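What follows draws every value from the coordinates through simple rules; no lab data is involved. As the structure is a prediction and not an experimental result, all values here were calculated from the model. All Cβ positions, glycine included, derive from the backbone under ideal geometry; neighbour counts span all protein chains shown.
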Amino acid sequence: MPPASEPHRGFFAIKRAMDVVGAMVVLILTAPIWIVAILVLHLNTTGGPAFKHPQDPRLTRIGKWLRAYSIDELPQAWNILRGDMALVGPRALPIVENVYEGRQAERLSVPPGLTCTWQVSGRSEITFDRWMEMDLEYVDHRTIWRDIVLLARTPLAVLGRRGAM
């Protein structure tokens, strides 16, 4: 499917308003969870970039639970409020993992998001190449309606833990 034309002029204003309202709702509703997340933060003994591994040595039992239910992603709401991220967009990766081939770099042409097609389609069960294809499909065909659908599918994906590590 060929890329859609550039989004209409109001797309960016509506998307930003959705991001701000959505991030504020997430921050307010999850405030109690933040306390628990902060209490286990000091247990992380190794630094470095994020990586996907089912036996991540940096995670405690509580940390594995926080990651399985994507609670460790909640601090991204601050980045969304600041405008550094969006609710929906290609997954932000640490700079050391931003090694793309060919057209894959086009995923960086839109703000990174808390959720996107990859997150609701199986996360770690999906190959990196397929993940990049999904991101490019989003970049080429992003609409407010698509964002709403992805946002609606995200809680089910998180609670179902499919592909979570």
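Assorted remarks:
- Spacing of the modelled spin labels on T127 and M24, each 7 Å from Cα toward Cβ, amounts to 4.4 nm.
- Values of log10 I(q)/I(0), in the order q = 0.14 Å⁻¹, for segment 102-141 under a Debye, Cα-only, solvent-free model: -0.26
- Cut-off 13 Å between beta-carbons: net charge of the residues surrounding I71, Lys and Arg +1, Asp and Glu -1: +1
- Simple label model, 7 Å out from Cα along Cβ direction - I35 to A68, nm: 2.3
- Overall form of segment 121-165 per C-alpha gyration tensor (a/c, 1.5; a/b vs b/c): oblate
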